[in-house]
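The values are calculated or read from the model by the stated rules, or taken from the named source; none is laboratory data. Computed from a predicted structure; not experimentally measured. Heads up, the Cβs are rebuilt from the backbone with ideal geometry, glycines too, and the neighbour counts pull from every protein chain shown.
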C-alpha cells in the first residue's frame, strides 16, 4: 500500500486522475490477491499464476477507463500505465519480492518525475498527426459541405 501511495502522490501532485487513494488501493488489492493465492491452506487447488493473470485483466479495465480521447488528443495513457505498474508492484509484494518492488517503485517515480520536463523541453510536437488532418469521425466544416444541386465546378 505504501508503494502505491508513493506512485499516487506523484499523480495527485500533478492533478492527474488516479491519485493517492486509487494507487494505494490498487497496490494493496493486487498484493492481497497474490498473497492469498500463496496461502498453504488452499493446497494445490489455487494456482497463483492464474490469480496474477486475473489481476492483470482487471487492472486493464481500470486503465482503459482512464484513457480519454478529446478531439485530436488522447489523454490518460500515463495514468493507465501507472495503474498497470502499481498492480505489478503490488503483485511483487504479494509474492514476497520486496526489494524488487521497492526498486521498481523508485524507478517508476523517477520516470514520472524526470521524463516529463525532458519531453516538454526537447519534444515540442509529440503528436503523430498534424493538427490540420481531419479525423474520420469529425464532421466537415460548413464551407466544405456542397449542396446536392450544386455542380462541383461552381
Worksheet item: Which of the residues that make up the range 38-57 are touching a residue at least 24 places away in the same chain (Cβ under 8 Å) and in a helix (DSSP H, G or I)?
Response: 48, 52, 55, 56
Worksheet item: Among 60, 15, 29, 4, which is assigned to a helix (DSSP H, G or I) and either modelled with pLDDT under 80 or under 20 Å from residue 111 (Cα atoms) (or both)?
Response: 4
Discussion item. Tell me the residue from 45, 75, 116 that is modelled with pLDDT under 80 and either exposed (fewer than 14 other Cβ atoms within 10 Å of the Cβ) or touching a strand residue (DSSP E or B) at 6+ places or on another chain (Cβ under 6 Å) (or both), please.
Written reply: 45
Worksheet entry | Every residue from the range 9-22 that is closer than 10 Å to residue 83 by Cβ and buried (at least 19 other Cβ atoms within 10 Å of the Cβ) | 11, 18, 22
Discussion item. With the structure loaded, tell me whether residue 90 is at pLDDT 90 or above, surrounded by 13 or more Cβ atoms within 10 Å (Cβ to Cβ) and closer than 11 Å to residue 4 by Cα or whether it fails that test.
Written reply: yes
Worksheet, complete the sentence: If you go through 32, 25, 3, the only one that is under 19 Å from residue 102 (Cα atoms), surrounded by fewer than 19 Cβ atoms within 10 Å (Cβ to Cβ), touching a residue at least 40 places away in the same chain (Cβ under 8 Å) and over 12 Å from the mean Cα position of the chain (by Cα) is 32
